[in-house]
Amino acid sequence: MYKKVISCTAAFVLLLTGCTFKKPEDSGAPPAPPFEALNETVAGRKNVYLIVKNLESSYWKVVIEGAKDGGDDFGCNVFYSGSYSENDWHSQERLLGEAADAGADAVLFSPNDSVMLAEKIDEIHEKGVKVILIDTIANTRNYDICYMTDNLIAGQNAAEEMLARLHERGIPETEELEICIQVGASSSQTVSERLAGFKQYWTENAPAAWEIVNDIRCNEGDAEVALDLAEDIIEDHKEKLKGVFGTNNGSTVGFAKIVADKHLTDITVVGFDYSEEMASLIKSDEYDASAMVQRQYQMSYGGVEEALKLIAGGSVEEKFVDTGVVVVNKKTLDDPEVKEILKHS
């Protein structure tokens, strides 16, 4: 099987190190398309531009939906674009400049690279464009507010859920088992914090015989690579593997597809976001799976509302808004809060 990326070993730190990755120009993804209007464009209204990480991801489609509804409800023009790969920060850099040049009053932005895009964020913010970060923080203070999950806590919650699932399966604490992890874009602080939170909770609470494999694979936001890596991981560790964790939507979908395709009912899948693939596992009596579901609809919907307040001269009390996660598994599917969130997933 052709390998597009190689694996990496991730230490328990907030940044991933020791990895070799594809460069954006080698990803095969097309460049970001021009901005399109999400709702009816009305002269005289404020203009909000949304830039997402991956236009083809189910997660980001919900973000786009939230921004559209926000524009309709709060009365502004909303335009959107984004990259086709989560390692393509160059396209996002270009889109930031295009939004500012087009007269954006505010930009809702989720950076593919928290470091490399900081300078461009600084540049457009200094021009007077309001910057609302969605889902992912950037390495700069020049933004107005950030709507996202507290990812360190979310990673801890994911580890807690994995342990609960393994205990419910009746696996003895003395049995040697392995947990394997796949991550998305290595340059994303979101991914780094989820991984750190997961490993921290695991180190403090898991039985000594239950081990996280240090061979953590990186797919750099490429869905095809995520699928290949999921298959490789499961094959390489099939003797002791009892659980897999995906730090983002693409990684989780890769695991879920392979587990379903190979009918691997003895592997617990814990990951982020409520994709069709995870929904299928969770609803099935054969599989054991849990999704850490974010409120990405609320991130962009609330982001549009806040953008208009800021444009009008308002201020914020806190620059960080934790939108939180809910755990979706067989037991919680019928909870009213979960049902409400899943309407937009």
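Quick note: the coordinates plus some simple rules give every number you see, no bench work behind them. Quick caveat: nothing in here was measured; it's all calculated off a predicted structure. Because the Cβ atoms are built from the backbone with ideal geometry, glycine has one as well, and the counts that use them run over all protein chains shown.
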TODO: Could you tell me what percent of the DSSP beta bridges with both partners in segment 154-295 are antiparallel, to the nearest 5?
DONE: 0
Task: chymotrypsin sites (Phe, Trp or Tyr not before Pro) within segment 246-345, DSSP loop, no more than 12 other Cβ atoms inside 10 Å - done: none
Task: Projected area, mean over directions - segment 36-91, Cα convex hull, nm² - done: 3.8
Task: Kirkwood hydrodynamic radius (C-alpha pairs) into Stokes-Einstein, the chain, 37 °C and 0.692 mPa s, D in µm²/s - done: 161
Open item on the list: Given all pairs of different Cα atoms, what value in angstroms does the Kirkwood hydrodynamic radius of segment 43-181 take?
Closed with: 16.9
TODO: Please work out, to two decimal places, the log10 of the ratio I(q)/I(0) at q = 0.18, 0.19 Å⁻¹ from a Debye calculation in which every Cα of segment 219-345 carries one identical scatterer.
DONE: -0.93, -1.00
- [ ] Take every DSSP beta bridge whose two residues both sit in the chain, then give the antiparallel share in percent to the nearest 5.
- [x] 15
TODO: Mind pulling up the Rg/Rh value for segment 157-226? Radius of gyration and Kirkwood radius, both on Cα.
DONE: 1.01
TODO: For segment 77-121, just run the numbers: alpha carbon Rg, then divide by 2.2 N^0.38 Å, N being how many residues it has.
DONE: 1.09
Task: From phi via Karplus (6.51, -1.76, 1.60), per-residue ³J(HN,Hα) for segment 64-81 in Hz, x at Gly/Pro - done: 4, 4, x, 5, 4, 5, x, x, 5, 6, 9, x, 9, 7, 10, 10, 9, 7
TODO: Divide by every residue of the chain the summed helix terms, -39500 (n - 2.57) for each DSSP H run of at least 4, and state the resulting mean residue ellipticity at 222 nm, rounded to the nearest 500 deg cm²/dmol.
DONE: -12000 deg cm²/dmol
- [ ] List the residues whose amide H sits under 5 Å from the amide H of residue 273, counting only those 5 or more places along or on another chain, with H placed 1.01 Å from N in the peptide plane.
- [x] 292, 293, 294
Task: the chain, relative contact order [Cα under 8 Å, separation at least 6], % - done: 20
